[in-house]
Amino acid sequence: MSEEQENPQENKPIDLSKKEEPVVQPINEGPVTPPPFQQPPPFQQPPPFGQFGGGFGQQNLPNATAALVLGIIALPACCFYGIFGLIFGIIAWILGSGDMKKYQLNPGLYTESSYKNAKAGKICGMIATILSVLTILFFVLVIVGAITNPQMYDDFIRGMK
Amino acid sequence: MAHPHKSFLDWLGGHLLSCPFKTHFGIDCPGCGLQRSVLALLKGDLIDSFRFYPATLPLIFIVFFTLIHLKFDFKFGAQLIKIVFAGIAVIILINYIYKIYNHQLLS
């Protein structure tokens with residue numbers, strides 16, 4: 001592979017006679033490395049008096065509200081085989097933790113209240129996910145039990161009545 | 001005015017969504033009872049509502065509190081939501097385990 005890459009460079013003076021190919025080749029050669037992205041320096045700390053969203057230039061985290069709402073919806077949504085609860089819970093978990101990371105990169109840029117919301121959404125999503133997983137495990141146990149020995153399952157149901 | 005309202009609730013009671021797990025396997029899921037409980041609450045029967053599903057009142061509380069919190073941004077809001085949410089999860093778990101041990105899963 002290295003020879004093939006070196007060959008066009010060596011053949012350059014020879015190809016100059018053809019006048020057209022060397023124009024194309026230098027474009028393909030060097031991979032254009034983008035300049036390394038530098039984090040902007042963190043802004044000033046949020047002012048302590050900022051009750052309703054902080055001082056100037058601060059904005060809410062983009063997914064904090066969504067994480068909180070999804071995390072709370074996830075709890076009653078575990079009815080349908082626990083699947084919706086699992087989906088909502090995991091989405092809330094991911095959104096909340098992503099926003100927490102975003103806040104910790106530059107804490108001055110975002111409001112602290114939205115950070116708290118994102119944290120609450122993450123924790124609610126975690127709890128809902130755990131509950132849904134427990135539900136699904138229980139359901140799988142029941143279904144496997146019902147499939148493997150249906151006679152015992154029927155007796156079990158009858159015994160509960 | 002009371003009559004159409006009551007009949008609407010009765011109509012709602014006959015048209016509850018049925019739990020897919022319960023219809024297939026005959027066993028309550030951890031969310032079963034929520035709709036009956038909300039219906040009892042709409043009729044104003046707090047005790048029946050609690051009996052059907054103990055987590056209904058905290059659930060309704062947390063939903064409305066979250067909406068208010070997102071609007072007005074309380075200082076303690078996120079913390080309170082976390083605590084109440086964990087409490088609701090514990091209530092649901094305890095309720096379901098209680099149902100298993102007391103053979104109420106087929107109710």
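Projecting label points 7 angstrom from Cα along Cα→Cβ for residue A:130 and residue B:102 puts them 2.5 nm apart. Sorting A:86-93, B:91-98, B:10-17, B:53-60 by average packing, meaning the other beta carbons within 10 Å per residue, from highest down gives A:86-93, B:53-60, B:91-98, B:10-17. Sorted ascending by nearby beta carbons within 10 Å, beginning with the fewest, B:29, A:124, B:19 become B:19, B:29, A:124. For residue B:22 and residue B:70, the difference between the fully extended length at 0.36 nm per residue and the C-alpha to C-alpha distance is 13.7 nm. Over all other residues within a Cβ to Cβ distance under 14 Å of residue B:30, the charged ones net out to +1, with Lys and Arg as +1 and Asp and Glu as -1.
Between B:61, B:50, B:76, the residue with the greatest mean-square fluctuation in the GNM of chain B (Cα pairs under 10 Å linked by springs) is B:76.
What separates the Cα centres of segment A:100-161 and segment B:29-97 is a distance of 17 Å.
Based on C-alpha pairs under 8 angstrom that are at least 6 apart in sequence, segment B:25-68 has a relative contact order of 30 percent.
The base-10 log of I(q)/I(0) for segment B:36-107, evaluated at q = 0.14, 0.18 Å⁻¹, reads -0.53, -0.77 [Debye formula, identical scatterers on Cα atoms, solvent excluded].
Computed from the coordinates by the stated procedures, all read-outs in this text should not be read as laboratory data. Treat the numbers as computed from the prediction; the structure is a model and nothing was measured. Because the Cβ atoms are built from the backbone with ideal geometry, glycine has one as well, and the counts that use them run over all protein chains shown.
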